[in-house]
1. List the number of the failed condition for residue 90; all other conditions in (1) under 18 Å from the mean Cα position of the chain (by Cα); (2) surrounded by fewer than 19 Cβ atoms within 10 Å (Cβ to Cβ) hold.
2. Suppose we filter region 46-86 for residues that are closer than 15 Å to residue 129 by Cα and acidic (Asp, Glu); how many remain?
3. What do you reckon, is residue 59 small (Gly, Ala, Ser), surrounded by fewer than 17 Cβ atoms within 10 Å (Cβ to Cβ) and over 18 Å from the mean Cα position of the chain (by Cα)?
4. List every residue pair whose Cβ atoms lie under 9 Å apart, where the two residues are 6 or more positions apart in sequence or sit on different chains, the first residue falls within region 76-104 and is under 15 Å from residue 40 (Cβ atoms), and the second residue, located anywhere, is among the hydrophobic types (A, V, I, L, M, F, W, C) and open to solvent by 70 Å² or more (accessible area, probe 1.4 Å).
5. Which is more than 22 Å from residue 60 (Cα to Cα) and in a helix (DSSP H, G or I), of 140, 128?
6. Any chance region 118-130 includes a residue that's open to solvent by less than 40 Å² (accessible area, probe 1.4 Å) and under 23 Å from residue 88 (Cα atoms)?
Amino acid sequence: MSFYDQLQQETSAERQRFLSIPLIRRAIAEGADRETYLAFLGEAYHHVSHTFPLLALAASRTTDERYQDALVEYMEEERGHEKWILDDIVFFGGDADAVRKRNPSPATIAMIGYSYYAIEHVNPYAMLGSVHVLEGMSVLLADKLADRLSQSWDQQGANGFSYLRSHGSLDQSHVAFFRDLVNGFTDPAIRRLIIDNSKIFHHLYGGIFREIDAREGLANAA
């Protein structure tokens, strides 16, 4: 079994818990209202805007040149994606300037904060736990979510869904790149670190969706 397959196998329970989050299940099956989608984009803006700095930090904290090269390639691919999110927010009537200025939710702050902590105080390879979860979930869910929302809103084309579409099934090359990267690690300690942090990031990323669901539910009830 390759290490990538081992990683998938050992994080399967966390992945299933993530996919069972009520908001995600409802959105894929039934769609969601625009306010909930805008709330998702608002939180995505904040954590995606930290992707490039986090990758750069991890690259600066390792002497593993193969890992550094991979991080630099990720940086080139990921830089500026938060701008696409702002464009999507504007398309659906949201206030992009307000999103930029306001603080992210506590769950988003927790995920961002742990990312910096893990790189600085645990190990720079911990960043791969975040990459595995965020890219893996995007490839698995982004196109399905964009399709369901566009159908429920009778919204044709990619306008308003540029972030989701760019991170959906067309992003399979990133998964292949990640698979080749992690399969190159033979040190059991590094492998265990990536597995353990993938589990942590499943939980942290899931918390963002649970918090959105709770917040939007209270807003709708008010």
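The values are calculated or read from the model by the stated rules, or taken from the named source; none is laboratory data. Note that the structure is predicted; figures quoted are calculated from it, not measured. Neighbour counts are summed over all protein chains in view; Cβ atoms, including those assigned to glycine, are modelled from backbone coordinates with ideal geometry. Heavy atoms of the whole protein, side chains included, go into the accessibility calculation; ligands, DNA and RNA do not. Shrake-Rupley method; radii C 1.70, N 1.55, O 1.52, S 1.80 Å.
1. Going through (1) under 18 Å from the mean Cα position of the chain (by Cα); (2) surrounded by fewer than 19 Cβ atoms within 10 Å (Cβ to Cβ) one by one, residue 90 breaks only (1).
2. Residues flagged as closer than 15 Å to residue 129 by Cα and acidic (Asp, Glu) within region 46-86 amount to 0.
3. So residue 59 fails the test.
4. 96/90
5. 140
6. Looking through region 118-130, none of the residues is open to solvent by less than 40 Å² (accessible area, probe 1.4 Å) and under 23 Å from residue 88 (Cα atoms).
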